[in-house]
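> What follows is a single structure, and I will ask about it in a moment.
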Amino acid sequence: MDKCQNQTALVCFIILSLGLISFTLTVAAEFNKPKERDIKLDGMLCYLPGSIAFRFGLAALTCLSLGQIIGNAFMCGKFCPGVRTRWKACSPSLASTLLTISWTSFGIALILMGGATSMSRKQTYGEGWLDGKCYIVRDGVYLGSATLSLLTITTIVASVIIQQKKSQDEQGKKTQTM
């Protein structure tokens, strides 16, 4: 059991680190996104130079996705083979509720961050982001997705901890009754 507790702590640390990196990169993208003054017009055509926010956004998306994948893999019992997690469909637990919140916030953050990141890419004359038009990211979109990424990571870590504790309690009851 001690080995599994150490693994849980390590995985939670990795997930939290990835989440904090994602949060930091998303905030950095907010402050480095293209501004309205960066748009250059040539008649009906527009040009928007690329931004470092594109790279920050891609890195933030990668870190957030990795944290979500690692957390869910751990929840499925891939890292602690001796401890089996059991999901009971008829009685949802707190861990599964937190997991649902994690997936919901992850999906919304992914959409917001992905859209904002793709808008931060270079938009050339006549080939803008959508329909040949240039678009810029509104203020607060990256910050909103940063908040959602923190919610995603904290709920997945809480879910992992709760499920691991529940599995250890069940394992302890089994050994006491034998």
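> Suppose we keep only residues that are buried (at least 21 other Cβ atoms within 10 Å of the Cβ) and modelled with pLDDT of 80 or more within segment 113-131. Which one would you say is farthest from TYR47 (Cα to Cα)?
MET113
> Let me ask something additional. crowded, with 17+ Cβ neighbours inside 10 Å, within 25 Å of LYS166 (Cβ to Cβ), at pLDDT 80 or above and within 20 Å of the chain's Cα centre (by Cα): which single residue out of LEU18, LEU10, LEU64, LEU58 fits that description?
So the residue among LEU18, LEU10, LEU64, LEU58 that is crowded, with 17+ Cβ neighbours inside 10 Å, within 25 Å of LYS166 (Cβ to Cβ), at pLDDT 80 or above and within 20 Å of the chain's Cα centre (by Cα) is LEU18.
The values are calculated or read from the model by the stated rules, or taken from the named source; none is laboratory data. Everything quoted here is computed from the prediction, not taken from an experiment. With ideal geometry, Cβ positions are generated from the backbone for all residues, glycine too; neighbour counts draw on all protein chains shown.
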